[in-house]
Amino acid sequence: MRKSLALGLIFFCALALPARTSKKKPEIDYSQFQKKLPKDLQVVHALDRLTFGPRPGDVEAVRKMGLKKWIDLQLHPERIKENPELDKKIEPLESLRMTQAETFASYPTPQLIRAVAVGRQRPPEDPVARAAVERQVRRFKARQGQDDNMPMEPAVPFEELLTRDQIRTLRTGNNDQKKELLDQLPEESIDDVVVAMPPPMRNQLMALASPVLRRKFMLANQPQQVVFYDLAEAKLYRAILSNRQLNEELVDFWYNHFNVYIDKGADRFLIPTYERQAIRPHVLGHFRDLLEATASSPAMLFYLDNWQSVAPETVKRPNGKAPQRGLNENYARELMELHTLGVDGGYTQKDIIEVARCFTGWTIRNPQQGGDFFFNEKVHDKGQKIVLGVTIPAAGGKDDAEKVLDILANHPSTAKFISKKLAQRFVADNPPPELLDRMAKTFEKTHGDIREVMKTMLESKEFFSAGAYRAKVKTPIEMIASAIRATDAQVDYAFPLAQRIGQLGEPLYRKQEPTGYSSANAEWVSSASLLGRMNFALALAQNKLPGVRVDITRFSNDPAETARLVLFTDATPQTRAAIDTALADQKSKDPKVVTQALSAGLVLGSPDFQRR
Amino acid sequence: MNRRIFLKSSAMAMVGVGSTPVWLSRALYAQDAPSPRKTILVAIFQRGAVDGLNVVVPHGEQRYYDLRPTIAVPRPDGTPDSAIDLDGFFGLHPSLRTLKPIYDSGHLAIVHAVGSPDPTRSHFDAQDYMESGTPGRKATTDGWLNRALVTEERKSPVRAVSFSADLPRTLRGLNDAVAIANLSDFQVRDPRGASTFESMYAGTMDKVLNGTGRETFEAVKLMQAIQKQQYTPAHDAKYPNGRLGQSMRQIAQLIKSDVGLEVAFTDVGGWDTHVNEVGPKASVGQLPNLLNDLGQTLAAFCQDLGDRMADVTVVTMSEFGRTARENGNRGTDHGHANVMFAIGGDIKGGKVYGDWPGMADEQLYESRDLNLTTDFRDVLGELVTRHLGNRQIANVFPGYNDPKFRGLVL
């Protein structure tokens, strides 16, 4: 079916939609992409691009293995043994492994609160989650004016669970004492303690608690955030610790390409399944499979409203009034504009409507309660459609949309659009056209084999050229993960790092627009964001971040050496000179001052470190 | 005193000799420098969809009272729980009484039955459309308030500021814009780092980072300079303590510091009043509390700025209105058209603008919501063109080719 469609003829009728921004393209000089990168920089360059930044020892390890072999291995993540430390970190993050229905039933999302309040759903099994749900149900009922005067106190009062001395320690003890006490809480009473503990105390102890206990605190204090908490923690731990670095880079890339916003209604509990089932398995697979997985995912159906798109004539009301629901074009438009063809990919408003008609009936069973995809024949538009010149005969049912996905996945505009987006992320903001042509050719030849397209790019001379070297400004997550990796910091609490990333302008899972985040350099260098990077850099090196420890003694008293340790190459003369001045100034005030942490922080906040 | 001398003395007094930021000295001393004293637009987004029908009450419309038996604001009768009459047909909610003097002085214009033509009743989509300025078009990447900035050579690092943690959608785009959660946090916290980073970014060959780095430290210096003195609002203006009041206080501080602010943005949530919108009296409940905060903030802002309001316009907006009928929970659900305020020295106020669509069943949008008679882009477009002086309206609101200005600006 995929190949049998005569695509060659259909582009005559394509009318370009008005371009989104009418910026004139300046003449671009591509000559730097012809200059080969010196051998000794190639390894650092590859590590900078295909990982979330090198860790100490990585450069040597890749050299030893051979660069080509290492890249090939990264392209086959299934052959790489995963870091056991990562598995340990992910273990407590339960929602990552649940089905949608389980996620819905387990966490106090607004949807669950309502469902429990009206008796449509039972509260969760987990005692801490149950307490959180019950508390919110009471609030919900009070707001509805049906306060049933149930007592708000926990089942067992705090004072009965812990001795007066223990409570005093938790209030006024030092961090070690508090930590020790928390670690020794008896297993059987731990949930009761969490439920009974006053919320400000939970907040205060958050960074000191074990990961399991911390998650319980989170569930008790900010129950609506727990699914996001799990996602954000896992995203950070994977970026920092995974041995399958390119795979994680690509999960980030493809999630962003098929972006879904966690704060839109049911997407609050649909995203763990989305990332795990629709994105993750396909990041190096075939584009058509990735497209299918996203198109039929409840998360995407909900986010871009296709779940409520119906053929208007199927929902006519008997009194002749206009139907309350109808065709919704949102998904159809973004599918072509953002997921496949690109804005100049050659489709018209008419095509958008035709595609939307094909997708009527692609919906979700019980959308507000974690239901799965289903095709609702009753609201499907049964007429004939013409998409990009291809006739899709009447009465095709669910297959109408499958045909659309075939057409789009095999369209030359898609090959170009996807190749360019990959090259913009991995090579440079303005990748040379010859490289894009070769990548697009591979895409077409292999029917969208992403691994092969990646290979064409990573084996190209343009990838290992002076034009690509340090050509990209790190995105906030790349900046923060690479700083953690470069300093070999131990992270025991990743969530605050995710919040930092949000402050730098890239709130994880919270890009509201279907465009996803841009990888363009200009996007990431705003005033507030640069200040945020500098403040993060200094705080990290001076061990001022909760739950993150850097071993300062790793760094040298010689700032040039410290810079090399962090950057894996020499700092620029300007950066070195500025650090030398700062350190000399410190030493003139106090000859014995220890400056390793300061100089490491200055390197991490320098212009040099913002590039990859 | 001519404008340049005024500028020089006030800005220099603020910044102090020896620490004049590059941008400011450029502005102060260059012959062809733009005056930082420009017209300024302040946009306030009321997130959650405010119930415009209970904010500016059509007390002359019997249907309003029929459709809202328990939550309508009573007809003006001079008591503190009735509407404050504006023109015999419309009245202000009593919790907005601080705005009445501004209306009477001719500096508050109200537009009713205004909003986005897009039929969506999703907060998510509607806010998105109103911030991008392109209803129905989800993939627009920048916002109208960013596009409203006129491109120019020498620009202030703080020409576009949002008082929020993240840069909101409406300020994203090609022009530089800064998000400031709080003025006092806008700095490198470790003093040993600040000067070092400044010289690194000033010296780097990296063009992208060099440019923004320079602007950043200029902005930081400006912010720190204007904070050297404790800010005391003028004319005994008292801002409420909430986030909105404090954001507007800092916007006033920036305006009075003459640092080149052109557009500012802040938002305030809580307007999604499905339940108990109004309590037993019109002046108590969720909506009255929020209106009280809004009214006091706007009044304090005008009072604080005094004559400086000649350069400034404040505009309010919200993603859509609420149902004409009250629901079963003394609240209202998601609707369509709404109300907007414009306050400023060059605003032709003292009037409720817009054609009143009526509230009979057949006059309501989809038989349930107030119908739209003014597109929100007509209001914003007029402010952008006539107040900010940006004539490239087709760039600011692409695809909206035929704006109908209402004549709000003098």
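Each value in this text was obtained by applying a stated rule to the coordinates, not by laboratory testing. Note that the structure is predicted; figures quoted are calculated from it, not measured. A quick note on method: Cβ atoms are made from the backbone with ideal geometry, for glycine too, and the neighbour counts reach across all protein chains shown.
I need the helices of chain A that pass two filters: whole DSSP H segments spanning 20 Å or more by Cα along the axis, and mean Kyte-Doolittle score no lower than -1.0.
Sorted by number, the helices that extend far enough and score high enough are A:127-143, A:226-241, A:412-426, A:527-541, A:573-589.
Between beta-carbons, use under 10 Å as the cut-off and find the net charge around A:LEU531, counting Lys and Arg +1, Asp and Glu -1.
Values: positive: A:ARG533, B:ARG189; negative: B:ASP185.
Result for the neighbourhood of A:LEU531: +1.
Distance in nm between label sites at B:ALA394 and A:PHE373, each 7 Å beyond Cα in the beta-carbon direction?
4.3 nm
Per DSSP H run of at least 4 residues, take -39500 (n - 2.57); add these up for chain A, divide by its residues and hand me the 222 nm value, nearest 500 deg cm²/dmol.
One gets -14500 deg cm²/dmol as the mean residue ellipticity at 222 nm.
State the Cα centre-to-centre distance between region A:230-252 and region A:535-612 in whole Å.
Centre-to-centre (Cα) distance: 26 Å.
Any chance you could check the Cα centroid distance between region A:390-424 and region A:198-220 for me, in angstrom?
48 Å
Calculate, for B:ASN327 and A:ASP183, the FRET efficiency according to 1/(1 + (r/R0)^6) with r their C-beta to C-beta distance and R0 51 Å; round to the nearest 0.05.
Working: r = 51 Å, r/R0 = 0.99.
So the FRET efficiency works out to roughly 0.50.
Let me check against my output: what whole-number percent is the relative contact order of region A:94-227, with C-alpha pairs under 8 Å and at least 6 apart? Show your work: numbers first, answer last.
Values: 124 pairs, mean separation 35.5, N = 134.
Once normalised by length, the contact order is 26 percent.
Taking H as built 1.01 Å from N, whose amide H comes closer than 5 Å to the amide H of B:ALA179, not counting residues under 5 places away?
Residues meeting the criterion, in which the H sits 1.01 Å from N, are A:ALA528, B:SER162.
Express in nm, to one decimal, how much length is gained between A:ASP29 and A:GLU159 on full extension, taking 0.36 nm for each residue of separation and deducting their alpha carbon distance.
39.6 nm
Taking only C-alpha pairs under 8 Å that are 6+ residues apart, what is the relative contact order of chain B in percent? Don't skip to the answer; put the middle values down first.
Numbers: 847 pairs, mean separation 114.9, N = 410.
This gives 28 percent for chain B.
Evaluate region A:94-227: find the radius of gyration of its Cα atoms, find its Kirkwood radius, and give the ratio Rg to Rh.
Working: Rg = 15.8 Å, Rh = 15.8 Å.
In region A:94-227, Rg relative to Rh is 1.00.
Output the pairs from A:LYS39/A:LYS69; A:LYS81/A:LYS216; A:LYS68/A:LYS461; A:LYS441/B:LYS138; A:LYS316/A:LYS378; A:LYS403/A:LYS511 with a Cα-Cα distance over 21 Å in this structure; if there are none, say none.
A:LYS81/A:LYS216; A:LYS441/B:LYS138; A:LYS403/A:LYS511
Give me the percent relative contact order of region B:244-386, please, defined on Cα pairs under 8 angstrom at least 6 residues apart.
19 percent
Give the distance, in whole Å, between the Cα centre of region B:214-247 and the Cα centre of region A:49-65.
Measuring centre to centre over Cα atoms gives 47 Å.
Report the calculated FRET efficiency for A:ALA394 and B:SER184 (r = Cβ-Cβ distance, R0 = 41 Å), to the nearest 0.05.
The value I calculate is 0.05.
What are the extents of the Cα atoms of the protein assembly as shown along their three principal axes, listed from largest to smallest and rounded to whole Å?
Largest first, the protein assembly as shown extends 86, 78, 73 Å along its Cα principal axes.
For labels at B:ARG75 and B:ALA310 in the simple 7 Å Cα→Cβ model, what's the distance in nm?
Spacing of the two 7 Å Cα→Cβ label points: 4.4 nm.
Apply 1/(1 + (r/R0)^6) to the Cβ-Cβ distance of A:ASN174 and A:ASP558, taking R0 = 22 Å, and write down the FRET efficiency to the nearest 0.05.
Approximately 0.05, to the nearest 0.05.
If Lys and Arg each add +1 and Asp and Glu each add -1, what is the summed charge of the other residues whose beta carbon sits under 13 Å from the beta carbon of A:ASN256?
On the way: positive: A:LYS235, A:LYS421, A:ARG425, A:ARG510, A:LYS511; negative: A:GLU248, A:GLU249, A:ASP252, A:GLU275, A:GLU478, A:GLU506, A:GLU513, A:GLU523.
Its environment carries a net charge of -3.
Classify region B:313-390 as rounded, prolate or oblate from the Cα gyration tensor: take a ≥ b ≥ c as the square roots of its eigenvalues, call it rounded if a/c is under 1.5, otherwise prolate when a/b beats b/c and oblate if not.
It is prolate, given that a/c is not under 1.5 and a/b is the larger ratio.
Taking the Cβ of A:GLU434 as the center, what net charge do the other residues with Cβ under 10 Å away carry, scoring Lys and Arg +1 and Asp and Glu -1?
Within the 10 Å Cβ shell, the charges total 0.
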